[in-house]
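As structure tokens, the structure follows; a few thoughts come after it.
Just so it is clear, none of the values below were taken in a lab; they were calculated from the coordinates. Here the structure is a predicted model, which means the values were calculated and not measured. Cβ coordinates were reconstructed from backbone atoms using ideal geometry, including for glycine residues, and neighbour counts include every protein chain displayed.
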Amino acid sequence: MAPDLNKVRNELPAALDAAYLNTGSYGPLSRAAAAAIEEANNQQLNGGRLNFSVGEANQATASALRSSFARVLGCADDEVALTHHTTDGMNIATWGVQYSPGDEIVTNSWEHPGGLLPVYAVARRFHLVVRVVPLSLDDDEDAIVDKFDRAIGPRTKLVSVTHVSWKTGVILPIERLAALVHAHGGLIAVDGAQSGGAMRLDMEALNADFYAIPGQKWLCGPEGIGALYVNRIRLGELLQTYVGYPSLRSGDAFDETGIFLPPAGAKRYEVGTTYRPAIAGMFNGLQWLEQLGLDWVFERTQTITRQMRAALAAIPSVRIVDTPTHAGLTSFTIDGVAPDAAVESLAQAGVLIRSVPDPTLLRVSSHFFNDESDIQRLSSAIRELG
Ligand SMILES: Cc1ncc(COP(=O)(O)O)c(C=O)c1O
């Protein structure tokens, strides 16, 4: 039986007062996540952080969290490394590929800085060529694939691309792009900031090599925690750029000659001490989402986003970017109203959305907890703008 939406909404207090339509920036924190954060903080404050059993319990929660993230990503548990956010995962993937001067990285004009800046940084460090595929609003899937096909070649070491565009909300054809770059022996790193928790993912079907997601957006978890998928067959190829105690097979798995042994899986990309309340909060938050049912979450996001698009399309002053595919993002403009001014006026009416740059658009996020009243509040606030 489908969960009761009112009860679900009650578990996300920040989504009750406002029409919370900006999950693509930050999702509302779930009570489940917040309760575990508080408990972990209290434990640290009152019980201390050095107690052996606390340490053991923390390892167990971290391991269970990798498994929870694996179910969100659609991959095996040992293909998941815990990170701090999407950008962390994109950096680990982008820096870990082995480059020679003159090698190429292919990206596109719509990437978020979280994926793009690591590309520019490695290009500068290793003397690489960056090919930026120019995307435009009217590109269909075939046009996108054709453009990438023209940019990818024998020197392409990495394609760095987002799964769901943070600007238009379109789902990029990762399987087809992966096939293109794999044909040349290159790899693909996918920015999953707008897809992780917003749509069903299956790493094997996507054929991605690396895939980074955050906790704080569509998974309604805390800040400071995320996950990186590393395809098992790429573990040998993706170097460990950052290493520390957690990157070892066991605490003594190194010697004075500089040899150290990583664990068999993606945990080797984890480094140093992580904020334990974030691990506990994310784990509890994901358990709550799984109790609701991840399939229900994804189906409901599709349904409410379709309704959102229909409601926006019915407003005469709205020009919607009608992408053929979507997860939870919808972009549009309002005739005669500057996007930033619209964001501000809507916020005053208790409707939380944002604008995005190049092309300048308004962007709404609709997620499983949003309901018809949120759509209605958005529609009336827009109609009042003119
Ligand atoms: C597509 C995309 N990539 C990366 C990021 C950065 O995410 P994080 O803060 O999790 O690194 C965002 C966040 O807004 C995004 O939309």
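Once you have the Cα-Cα distance between Asp340 and Ser250, take 0.36 nm times their residue separation minus that, and quote the gain in nm to one decimal. Spell out each step's value before the answer.
Details: separation 90, 0.36 × 90 = 32.40 nm, distance 5.17 nm.
Between Asp340 and Ser250, full extension yields an extra 27.2 nm.
At 0.36 nm per residue, and after removing the present C-alpha to C-alpha distance, how many nm does the segment from Asp77 to Asp149 gain when stretched out fully? Show your work: numbers first, answer last.
Numbers: separation 72, 0.36 × 72 = 25.92 nm, distance 3.26 nm.
Once the chain is fully extended between Asp77 and Asp149, it gains 22.7 nm.
Provide the packing ranking of 75-87, 217-229, 325-337, i.e. peptides ordered by the mean count of other C-beta atoms within 10 Å per residue, highest first.
Values: 75-87: 22.3, 217-229: 26.9, 325-337: 20.8.
Descending packing order for the listed peptides: 217-229, 75-87, 325-337.
Could you check the spin-label model distance between His127 and Ala179? Points 7 Å from the Cα along Cα→Cβ, value in nm.
Reported label-point gap for His127 and Ala179 is 3.7 nm.
Would you kindly state how much longer the chain becomes between Arg232 and Arg31 on full extension, computed as 0.36 nm times their sequence separation minus their alpha carbon distance, in nm to one decimal?
Numbers: separation 201, 0.36 × 201 = 72.36 nm, distance 3.43 nm.
Full extension of this stretch gives 68.9 nm more.
Dipole of the chain (Lys/Arg Cβ +1, Asp/Glu Cβ -1, origin at the Cα centre): which of Val54, Ala14, Leu235 lies farthest to the positive side?
Val54
Which Cα, out of Ile92, Gly24, Ser63, lies furthest along the positive dipole direction of the stretch 3-92 (beta carbon charges, K/R +1, D/E -1)?
Toward the positive end, the furthest listed residue is Gly24.
As a check on your grasp of the helix formula, calculate [θ] at 222 nm for the chain: sum -39500 (n - 2.57) over DSSP H runs of n ≥ 4, divide by the residue count, round to the nearest 500.
Values: 13 runs with 155 residues, N = 386.
After summing the helix terms and dividing by the residues of the chain, the value is -12500 deg cm²/dmol.
Using each residue's phi in the stretch 320-330, evaluate 6.51 cos²θ - 1.76 cosθ + 1.60 at θ = phi - 60° and report the 3J(HN,Hα) Karplus result to the nearest Hz, with x for Gly and Pro.
For the stretch 320-330, the Karplus-derived couplings read 8, 8, 8, 6, x, 10, 7, 10, x, 9, 9 Hz, x marking Gly and Pro.
So for the chain, Kirkwood radius off the Cα pairs, Stokes-Einstein at 10 °C and 1.306 mPa s: how many µm² s⁻¹?
Numbers: Rh = 21.7 Å.
Rounded, D is 73 µm²/s.
Treating the beta-carbon of each Lys and Arg as +1 and of each Asp and Glu as -1, no other charges, what is the dipole magnitude of the stretch 40-290 about its Cα centre, to the nearest 20 debye?
It works out to roughly 480 debye.
Within the chain, which whole H helices from DSSP have a Cα span along their axis of at least 18 Å and a mean Kyte-Doolittle hydropathy of 0.0 or more, if any?
Details: long enough: 52-73 (32 Å, 0.31); 113-126 (19 Å, 0.58); 276-292 (24 Å, 0.14); 294-313 (28 Å, -0.20); 372-385 (20 Å, -0.50).
Passing helices, by number: 52-73, 113-126, 276-292.
Of Asn108, Val119, His367, which is farthest on the positive side of the dipole of the chain, counting Cα position, with +1 on Lys and Arg Cβ, -1 on Asp and Glu Cβ, and the Cα centre as origin?
Value: Val119.
Please enumerate, by chain and number, the lysines with C-alpha under 22 Å from the C-alpha of Lys157, excluding those fewer than 8 residues away in the same chain.
The reachable lysines, counting only those whose Cα sits under 22 Å from Lys157, are Lys147.
If I build a Gaussian network model for the chain, linking alpha-carbon pairs within less than 10 angstrom, which residue out of Ser109, Ser366, Ser247 has the largest mean-square fluctuation?
Result for the chain, Cα springs under 10 Å: Ser109 fluctuates most.
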